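To start, the structure under review is shown below, and the notes come after it.
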Amino acid sequence: MKYHYIIIENETDVEEFITTILGNYKKYKKIGSAVDYQQGLALILEKKPDLIFLDMKLEGEKSGIDLLDALRLHYIQTPPVIVISGHDEYAKFSLNKKALYFISKPIDLSEMSIALAEFEKQFNSKRKRLSIKTNYGRELIEFDTLVYLEASKNYTELYITGAKAKHIYAKNIGEMEKLLNGDFLKIHESYIVNVKFIAEISTTKKEIRLKNYIPSDGITSPKNRKSEEQGSQSVYLPIGLKYLERVKNHLL
């Protein structure tokens with residue numbers, strides 16, 4: 001798995017320097033860059049990066065501080081942001097805005113290393129379970145047992161290993177995507193899948209085959225069919241055309 005990051009920075013040499021540094025880390029993949037507030041916000045909402053590098057001084061009237069404020073309106077839990085600025089007076093202010101880390105320009109390699117370590121620590125310690133309301137109270141569902149999610153109007157159906165029935169969560173799939181950790185990938189307008197359960201990807205058929213999961217008798221699924229290669233029943237999920245490139249970048 002790779003950590004996907006974007007850079008929002010109006011100085012080309014700084015952007016290139018960050019890209020060069022991160023190029024030495026095989027786990028990191030750059031998926032875009034922007035130079036101003038509007039471009040940056042649009043890029044974040046479209047690409048949904050794992051990590052954002054953000055300068056405080058951007059092109060145009062709005063600053064990096066404005067962008068941090070905007071993220072809080074769009075996310076329940078904002079993506080991790082490493083602020084990079086030549087103005088140290090922004091350090092305390094950006095951290096008060098819930099930025100993950102502040103690095104002064106010129107960028108020090110040891111500081112970048114510390115910032116990335118802090119990011120990975122936070123990323124890997126994200127919540128690992130969902131709490132679902134039941135007739136008896138609340139049921140806790142571990143992410144490791146959650147195979148995939150399917151949109152059902154304003155609700156989301158959860159498919160879980162060992163469950164005798166699918167679970168219904170009272171949030172739409174867009175809201176659910178914000179609650180999940182980096183093990184989950186949206187592959188279609190209607191589907192989010194736990195990448196740990198992906199066995200195969202067909203870019204020609206635009207579908208994935210799941211492993212280690214067959215729905216119980218209480219769960220009917222037209223997506224369950226016999227695998228020609230494996231000779232046994234498997235669950236197949238479609239990859240939406242607009243998500244195909246994201247799936248390939250994330251998994252291949």
The long-range amide H neighbours of residue 129, using H built 1.01 Å from N in the peptide plane and a cut-off of under 5 Å, are 143
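What is the magnitude of the charge dipole of the chain about its Cα centre, with +1 placed on the Cβ of each Lys and Arg, -1 on the Cβ of each Asp and Glu, and no other charges, expressed in debye to the nearest 20?
1320 debye
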Helix-derived mean residue ellipticity, 222 nm - over the chain, DSSP H n ≥ 4, -39500 (n - 2.57), to 500: -8500 deg cm²/dmol
Starting from the amide H of residue 199, placed 1.01 Å from N in the peptide plane, find each other amide H under 5 Å away whose residue is 5 or more places distant or on another chain. 209, 210, 211
Output the Kirkwood hydrodynamic radius of the chain, Cα pairs only, in Å rounded to one decimal. 19.9 Å
Under 18 Å from residue 105, Cα to Cα: aspartates and glutamates that are on another chain or at least 8 residues apart: 9, 11, 13, 15, 16, 55, 59, 88, 89
I'd like the distance separating the alpha-carbon centroids of the stretch 32-58 and the stretch 130-209, in whole Å. 27 Å
Can you give the local net charge around residue 88? Use residues other than it whose beta-carbon is closer than 14 angstrom to its beta-carbon, Lys and Arg +1, Asp and Glu -1. -1
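So what's the net charge close to residue 117: Lys and Arg +1, Asp and Glu -1, counting the other residues with Cβ under 15 Å from its Cβ?
Neighbourhood net charge equals -3.
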Assuming a ≥ b ≥ c are the square roots of the Cα gyration tensor eigenvalues, decide whether the stretch 129-251 counts as rounded (a/c under 1.5), prolate (otherwise, with a/b larger than b/c) or oblate. oblate
For the chain, what relative contact order do you get, as a whole percent, if you take Cα pairs closer than 8 Å and at least 6 residues apart? 11 percent
Please list, in order along the stretch 3-16, the HN-Hα scalar couplings obtained from phi with the Karplus expression 6.51 cos²θ - 1.76 cosθ + 1.60 (θ = phi - 60°), rounded to whole Hz, x for Gly and Pro. 8, 8, 10, 10, 10, 10, 7, 8, 9, 4, 5, 5, 4, 5
Putting +1 on Lys and Arg Cβ atoms and -1 on Asp and Glu Cβ atoms, find which of 107, 73, 123 reaches farthest to the positive end of the dipole of the stretch 3-124. 123
Above-threshold pairs, the threshold being 32 Å between Cα atoms, out of 27/57; 121/248; 121/153: 121/153
Quick one: what do you get for the stretch 3-124 if you divide its Cα Rg by 2.2 N^0.38 Å? 0.94
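All of the numbers you see were taken from the coordinates with simple rules; none came from a lab. Just so it is clear, the structure is predicted and the values come from calculations on it, not from any experiment. All Cβ positions, even for glycine, are placed from backbone atoms using ideal geometry, and neighbour counts span all protein chains on display.
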